[in-house]
Number of protein chains: 2
Amino acid sequence: MADLPKALADAAAEVEIMLDTVLAADGAPERRIYDAMRYTTLGGGKRLRPFLVMESARLFDVPKASALRAGAALELIHCYSLVHDDLPAMDDDDLRRGKPTVHKQFDEATAILAGDGLLTLAFEVLADAATHADAGIRAALVLALARAAGVRGMVGGQMIDLEAETKTLNLAEITELQKLKTGALIGFGCEAGAIMGKAPAKDRSALRAYADTLGLAFQIADDLLDVEGSVEETGKAVGKDANAGKATFVSLLGVVGARKKASELVDQAVSHLASFDARADLLRLTARFVVDRRN
Amino acid sequence: MADLPKALADAAAEVEIMLDTVLAADGAPERRIYDAMRYTTLGGGKRLRPFLVMESARLFDVPKASALRAGAALELIHCYSLVHDDLPAMDDDDLRRGKPTVHKQFDEATAILAGDGLLTLAFEVLADAATHADAGIRAALVLALARAAGVRGMVGGQMIDLEAETKTLNLAEITELQKLKTGALIGFGCEAGAIMGKAPAKDRSALRAYADTLGLAFQIADDLLDVEGSVEETGKAVGKDANAGKATFVSLLGVVGARKKASELVDQAVSHLASFDARADLLRLTARFVVDRRN
């Protein structure tokens, strides 16, 4: 039986080392921005997105060094998005992963630039020959990550989310928003292995379907944690959405309905992996994990 | 005799069409962020950076479609940097290219996200097969632009610039700052043609030397405009650096000294192009243009 908690912890440790490597400040012209980038990126987080890259890569026998670099690039994008999302003009959060957010620990200008630096570094990491010997794969990774992170992906979702503060979204709209805001990066995580492994189209679309379902389950769990979790468990402010009167899966479905929906999505996500052998077992367990987590 | 004003205007018109194409909002999930990205990118600017890409590409017979896409990607990076640089937490500027800045015309959150969207789109444009049939060249362009734009390039320079508000830099420090803040993107502009044309190393380093000198001349001219130009001419606030007590080439060298230095740099820049034939004539004229411009 695959041991997910151990696998997650092992992967997180390896990702941490890779992030530390790509964020090495040796010979850098300026230290403060590296301090801010390292402060927000290192030493925390579940590293779920890089884990998805590594597990999707495992299905196609992709070398671990390639998977780790692609996973680190994805995590850099995730981290930049948190830094910018926490800014006063955006969500105005003071706490992230149990620590002061970057603009509180440093200042707002540093947070803006550190986010820009992390975003740019992600593409530098992917385009570097160290990520994969095949330049076609490197270019395909850059293209896929840019699409997932950009205005037709995560950034577009964040914009819709901001606008949702002034109008109430229905279930279809919330689902679309989350598919972009959270789902797009999770989708890249699951497709990255297929890209690096030059997988058949049917495998790539199975992983895409798994990712879409997983992303939605992940977000419903996030909404449940916002209602039921504590600051101690989640390392960030809770109850924000409810207090802001924002529509969420929980406000639209109720706690019981949201929990039921999340559970159905877990089963669906697992069913999308039916064509894969035991090498997909950790991905199967991950679907359950994202709805059962406490942070 | 090459006609630089006409060549610049023609190139700007072609770049405008390409930018309009890559910023097409068809089927986009969210319109406001596209509105902001198009507002800040289209309809203005000298398009000097894309022009450098196109002229360096000309030296190696690179197809114009490739040069235009690489030039557009570079301009997207330049535009994002202006949007973030103008934010209240950064330079806090209200006016850019004669129009209200993005955070004044829209709002601060939209400006942060629009900048993130432009930055991400630049890499999407470069990685797309439409930019060049050779994936190795696409990956090399991504790598070079990410390095030029990131923490060891432009973003690092912006961070040093912010810190310069609290300490006075000397001439060597100002030169280093500007090499990163302004010079790195100009450097990519001049090297992009060599990358796409798989130029010999000696040609690439000649273009790099030209770019370094040109970038410095460009910045000295900017500092002179900040002292001598008008809001009407430059389309942005003037006298800001002097009022903020920031060290500039003008404060360190005086107006006459700065003008003399810029003129020497023009001659040096032209000398770096000695090995190229008449196809480099527009680049030669560009060196003079950047110090004589009034905006």
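Taken together, the values in this text are just the output of simple stated rules run on the coordinates, not laboratory data. In this text, all values refer to a predicted model and were calculated from it rather than measured experimentally. Neighbour counts are summed over all protein chains in view; Cβ atoms, including those assigned to glycine, are modelled from backbone coordinates with ideal geometry.
Taking the label point 7 Å along Cα→Cβ, B:VAL227 and its counterparts in the other copies are spaced 6.5 nm apart, in ascending order. Using a ≥ b ≥ c from the Cα gyration tensor of the protein assembly as shown (square roots of the eigenvalues), is it rounded, prolate or oblate, where a/c under 1.5 gives rounded and otherwise the larger of a/b and b/c decides, a/b for prolate? Cα axes put the protein assembly as shown in the prolate bin. Sequence-distant contacts, meaning Cα pairs under 8 Å at least 6 residues apart, place the relative contact order of region B:151-295 at 26 percent.
Pairs from the list A:LYS104/A:LYS260; A:LYS179/B:LYS198; B:LYS64/B:LYS246; B:LYS46/B:LYS202 with a Cα-Cα gap above 32 Å: A:LYS104/A:LYS260; A:LYS179/B:LYS198; B:LYS64/B:LYS246. What separates the A:SER275 label point from its copies, with the point 7 Å along Cα to Cβ, is 5.2 nm, written shortest first. Translational diffusion of region A:4-292 was estimated from the Stokes-Einstein equation, with Rh taken as the Kirkwood radius over Cα pairs; at 10 °C and 1.306 mPa s the coefficient is 83 µm²/s.
Note that region B:54-66 has calculated 3J(HN,Hα) couplings of 5, 6, 6, 5, 4, 4, 10, 6, 6, x, 4, 4, 5 Hz, one per residue in order, obtained from phi through the Karplus relation 6.51 cos²θ - 1.76 cosθ + 1.60 (θ = phi - 60°); glycine and proline are x.
In order along region A:28-35, the Karplus-derived 3J(HN,Hα) couplings, from 6.51 cos²θ - 1.76 cosθ + 1.60 at θ = phi - 60°, round to 5, x, 8, 8, 4, 5, 5, 4 Hz, and Gly and Pro are given as x. For the segment B:158-164, counting C-beta atoms of other chains within 10 Å of every residue's C-beta and taking the mean gives 6. Counting, for every residue in B:23-31, the Cβ atoms of other protein chains within 10 Å of its Cβ and taking the mean gives 4.
Given the DSSP H assignment, sum -39500 (n - 2.57) over each helix run of at least 4 residues in the protein assembly as shown and divide by its residue total; what's the result at 222 nm in deg cm²/dmol, nearest 500?
After summing the helix terms and dividing by the residues of the protein assembly as shown, the value is -22000 deg cm²/dmol.
In nm, what does the list of distances from A:GLY136 to its counterparts in the other copies look like, shortest first, when each label sits 7 Å along Cα to Cβ? For A:GLY136, the other copies' label points sit at 1.4 nm, shortest first.
Per residue of peptide B:124-130, the mean number of Cβ atoms on other chains within 10 Å of the residue Cβ is 6. For region A:136-150, the Karplus equation 6.51 cos²θ - 1.76 cosθ + 1.60, evaluated at θ = phi - 60°, returns couplings of x, 5, 4, 5, 5, 5, 4, 4, 5, 5, 4, 5, 5, 8, x Hz by residue, with Gly and Pro reported as x. Pick from B:VAL22, B:VAL83, B:VAL53: which is most flexible by mean-square fluctuation in a GNM of chain B where alpha carbon atoms under 10 Å apart are linked? Among B:VAL22, B:VAL83, B:VAL53, the largest mean-square fluctuation in the Gaussian network model of chain B belongs to B:VAL22.
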